[in-house]
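These notes are about the structure you will find just below.
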Amino acid sequence: MIGIILVGLFLVLMLIGVPIAFVIGIVALLGIFTVPYIPEVTVPMKMLNGIDSFVLLAVPLFILAANLMNSGKISQKLIDLSLAVVGHIRGGLAHANILVSMIFAGVSGAAQADTAGVGKILIPNMKKQGYDTETAVGVTAASSTIGVIIPPSIPMIIFAGLTNASVGALFLGGIIPGILVGLGMMLFVYIMALKKGYPRSQRASIQQFLKLVYETVPALITPIIIIGGIISGFFTATEAAAVASLYTLLISMFFYKTLKLSDLPKILMDTLALSSLSLFALAAASALGELMSYYQLSTMAQDFFVNNVGAKWVFILIIIAFFLFVGTFMDAIPAMILFVPVILPTASQFGMDPVHLGLIVVMTLAIGLVTPPYGLCLLLAAKIGNLSIERSLTAVIPYILIVLAVLIFVAFFPDIAFFLPKLINPGLF
């Protein structure tokens, strides 16, 4: 009975617009108050323990790297390079939007920073060049989801911390799915460009292209440093995030000379504001996880799947459907904190590798970034483009279907995603 009341309270608080982090915290606090054997001090203790992790330092550090890129105008350099590569194709600016998101993903791992940084530049430019607002907003929001699939990825780091899965294997496993998502979006954009007659840019000359490559090489080296360092064991994911932040700061100040010391306080405040949202939600989710453990939800879930689901493929479809639903109203980090420990024992019983499960969960929750009412990337892009949420959602649906198609492909043919990890470092498995 108490469980039903708490679920009802959870839904009511969400419907009236209470931020999800506070909803989770309130339900955890009230729920633990009703349990006589758990002292109330458990809530703050679990919240503190939930964020007392060296791995979690990577979250604000990768967000800092993304903010430094945006403030240092590196995003504009990457957009210029992307235009030089694909701008001559019909719908070139939309293609460049997707390509720069793929490149940006290799630096920050933060989809929202991609939407904000790239969207502020490209959405107005696309509208000026004759693209309808729906296309400009839809492409920007949807391509930003690649940021949590192509490494480095903050949700992948959180998943690794929860399950002891290899961060390196997860990072390498996300490369091919992320590229497939990007290429799928580009194919759709090309078809739409032919149908609607979207413009294309003049092909860049060899000299222009080489100049842009020279200007962007320092930024393009960042993913190599991050991923190479983690896979080689030279540094951990958190150390990689610190190196990425420091490296981005140095090239912004001394190579591009687009960042001043006076800019740093604002960048740090923006980073703290964005990081605190995710980390507070994570802390609250840790407290609610204690309540879920008391009610033995993981055991109940395991018994349900054992008694009612006899096939691995059915279990995978249920997991995808469940996280699609959860992702519509909850950020990836608290969603994983709450539910991954519940499904992990069952996944192990079905013989699923934790890395495979991680790719499925992260890709599914990536779709939640563009599905209301949560959908932060969609909300950001819609605000920049001054477009209603209803029209923005309609515009992004084709791209959601592309991500979903790649997700199903990875879910049932994992060797595609595992090709690079097994090729580069078989010891990760």
Original post:
Within the set of pairs 6+ apart or on separate chains, which have a first residue in region 1-15 that is within 12 Å of Ala28 (Cα to Cα), a second that is open to solvent by 80 Å² or more (accessible area, probe 1.4 Å) and at pLDDT below 80, and C-beta atoms under 7 Å apart?
Top reply: Gly3/Tyr295
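Look at Ile408 and say whether it is crowded, with 19+ Cβ neighbours inside 10 Å, touching a residue at least 24 places away in the same chain (Cβ under 8 Å) and of a type in the set (Val, Ile, Thr).
Details: crowded, with 19+ Cβ neighbours inside 10 Å: no; touching a residue at least 24 places away in the same chain (Cβ under 8 Å): yes; of a type in the set (Val, Ile, Thr): yes.
In short, no.
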Original post:
How many of the residues in region 366-383 are outside any loop (DSSP other than H, G, I, E, B), open to solvent by 10 Å² or more (accessible area, probe 1.4 Å) and more than 11 Å from Ala142 (Cβ to Cβ)?
Top reply: 4
Original post:
How many residues are within 19 Å of the chain's Cα centre (by Cα), farther than 17 Å from Gln208 by Cβ and open to solvent by 10 Å² or more (accessible area, probe 1.4 Å) when one looks only at region 77-104?
Top reply: 2
**OP:** Tell me which of these Val107 doesn't satisfy, since it passes every other one: (1) modelled with pLDDT of 85 or more; (2) in a loop (DSSP other than H, G, I, E, B); (3) open to solvent by less than 20 Å² (accessible area, probe 1.4 Å).
**Re:** (1)
**OP:** Run Leu68 past the list (1) in a helix (DSSP H, G or I); (2) of a type outside the set (Ser, Thr, Tyr); (3) in contact with a helix residue (DSSP H, G or I) (Cβ under 8 Å, 6 or more places away or on another chain); (4) open to solvent by 60 Å² or more (accessible area, probe 1.4 Å) and report the number of the one that doesn't hold.
**Re:** (4)
**OP:** Scan (1) under 21 Å from Lys73 (Cβ atoms); (2) modelled with pLDDT under 85; (3) β-branched (Val, Ile, Thr) for the single condition Ile231 breaks and write down its number.
**Re:** (1)
Original post:
Quick check: anything in region 124-133 in contact with a helix residue (DSSP H, G or I) (Cβ under 7 Å, 6 or more places away or on another chain), over 22 Å from Ala244 (Cα atoms), open to solvent by less than 10 Å² (accessible area, probe 1.4 Å) and among the hydrophobic types (A, V, I, L, M, F, W, C)?
Top reply: yes
**OP:** Among residues belonging to region 17-35 that are open to solvent by 60 Å² or more (accessible area, probe 1.4 Å) and assigned to a helix (DSSP H, G or I), point out the one that is nearest to Pro373 (Cα to Cα).
**Re:** Phe22
**OP:** Sort out which residues of region 17-36 are more than 23 Å from Asp331 (Cα to Cα) and either free of Cβ contacts under 8 Å to residues at least 12 places away in the same chain or among the acidic types (Asp, Glu) (or both), and write them in order of number.
**Re:** Phe33, Pro36
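State all residues of region 314-331 that are assigned to a helix (DSSP H, G or I), touching a helix residue (DSSP H, G or I) at 6+ places or on another chain (Cβ under 7 Å) and open to solvent by 20 Å² or more (accessible area, probe 1.4 Å); if no residue qualifies, say none.
Going residue by residue through region 314-331, those that are assigned to a helix (DSSP H, G or I) are 314-327.
From what's left, touching a helix residue (DSSP H, G or I) at 6+ places or on another chain (Cβ under 7 Å): 315-316, 319-320, 323-324, 326-327.
Scanning region 314-331 gives a single hit, Leu324.
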Original post:
What about Ile230, is it within 21 Å of Met156 (Cα to Cα), buried (at least 19 other Cβ atoms within 10 Å of the Cβ) and touching a residue at least 40 places away in the same chain (Cβ under 8 Å)?
Top reply: yes
Original post:
Would you call Lys383 of a type outside the set (Phe, Trp, Tyr) and modelled with pLDDT under 90?
Top reply: no
Original post:
Which one is surrounded by the most Cβ atoms within 10 Å (Cβ to Cβ), of the residues in region 188-211 that are free of Cβ contacts under 8 Å to residues at least 12 places away in the same chain and outside any loop (DSSP other than H, G, I, E, B)?
Top reply: Lys211
Subject >> Residues satisfying the stated conditions in region 67-99, i.e. of a type in the set (Val, Ile, Thr) and modelled with pLDDT under 90 >> reply: Ile74, Ile79
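Is it true that Gly173 is touching a Phe, Trp or Tyr at 6+ places or on another chain (Cβ under 8 Å) and either of a type in the set (D, E, K, R) or farther than 30 Å from Ser388 by Cα (or both)? Write out each step before concluding.
On the way: touching a Phe, Trp or Tyr at 6+ places or on another chain (Cβ under 8 Å): yes; either of a type in the set (D, E, K, R) or farther than 30 Å from Ser388 by Cα (or both): yes.
Judged against the criteria, Gly173 is a match.
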Original post:
What pairs come up if the first residue lies in region 246-258 and is aromatic (Phe, Trp, Tyr), the second is crowded, with 18+ Cβ neighbours inside 10 Å, and their beta carbons are under 8 Å apart, counting only those six or more places apart or on different chains?
Top reply: Tyr247/Thr222; Phe255/Pro218; Tyr256/Gly72; Tyr256/Ile74; Tyr256/Lys77; Tyr256/Pro218
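The values are calculated or read from the model by the stated rules, or taken from the named source; none is laboratory data. As the structure is a computational prediction, the values presented were derived from the model and not from experiment. All Cβ positions, even for glycine, are placed from backbone atoms using ideal geometry, and neighbour counts span all protein chains on display. With ligands, DNA and RNA removed, areas are computed over all heavy atoms of the protein, side chains included. Shrake-Rupley method; radii C 1.70, N 1.55, O 1.52, S 1.80 Å.
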